[in-house]
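Take a look at the structure set out below.
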């Protein structure tokens, strides 16, 4: 019985996260260098999130940028708390970078599947 | 599905540019076949000059909110579509963006008061400026508008305009 109560409490209090994937578009401004584009995006995104929603929410959202080797360098995965996903998505949209916001997932595994689905449109992205 | 307008197609003179939607819809069969786009709507830009005549216009894209209240008062009850483009504010600094969110709520209330249709649009000129429905709904909610209410009002407003079958030419004549 004690174990059951403990499990219920654990489930209720467990921090839930969401994973948002972003496709960074290569840009002539940064000589198509994806590293420079990435640095510019992160700076712009962080300042937007902090500027629009304040530093308290910025830190509460516990943002982490995750790199996955199997994915092209254009893809950036942002992990954040479920409660702040709306703020994060809005800050991403208003970040001063050419990018596409791909669907949000609760697990990296599911997100990878969606990214592979998105990669079918590779030719369109080059145009 | 989203649509964006290539910057190359946009003419520098806004008066010549107003017929773009009509031309675009006429030349794209996949849109023509869609019932939602049966009627062609005319559009123009508002840059703060209240003296201009917009009686033949269905959708007015707002580039400056100066004199917006006078404009809405002047065209009260004409069911004029007041459109704001997200691409215009995408690169604002944080302070201006916050002010825009505050102003837009006030304008939304004014639109309701003077019976104008409030429209928010991506204004995308490239595919990476397109806005997903999820982000769009987040922006609507952040403004302080209920998303269900917004979409319902938009559908009702567009349905009322259906059957107009008009396009806009550079001489400002509705044909």
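Find how many whole Å separate the alpha carbon centroid of the stretch B:110-166 from the alpha carbon centroid of the stretch B:66-106. Taking the Cα centre of the stretch B:110-166 as reference, the centre of the stretch B:66-106 is 12 Å away.
Averaged over the residues of peptide B:89-100, the number of Cβ atoms from other protein chains lying within 10 Å of each residue's Cβ is 3.
Mean residue ellipticity at 222 nm, helices only, chain A: -16000 deg cm²/dmol; runs of at least 4 DSSP H residues each add -39,500 (n - 2.57), and the sum is divided by the number of residues. Full extension of the chain segment joining residue B:52 with residue B:156 gains 34.7 nm, where the gain is 0.36 nm per residue of separation less the Cα-Cα distance. Placing R0 at 30 angstrom, the Cβ-Cβ distance between residue A:32 and residue A:65 gives a FRET efficiency of 0.90 after rounding to 0.05.
Principal-axis analysis of the Cα atoms of chain A puts helix A:108-118 at an angle of about 30° to the longest axis.
Rg and Dmax of chain A, both derived from C-alpha coordinates alone, stand at 16.8, 63 Å.
How high is the FRET efficiency from residue B:103 to residue A:109, r the C-beta distance, R0 41 Å, rounded to 0.05? According to the calculation, E is roughly 0.45.
A short reminder: the numbers here are calculations on the coordinates, not readings from a lab. Bear in mind the structure is a predicted one, so any value in this text is a computation, not a measurement. Note that we place each Cβ from the backbone using ideal geometry, even for glycine, and neighbour counts take in every protein chain shown.
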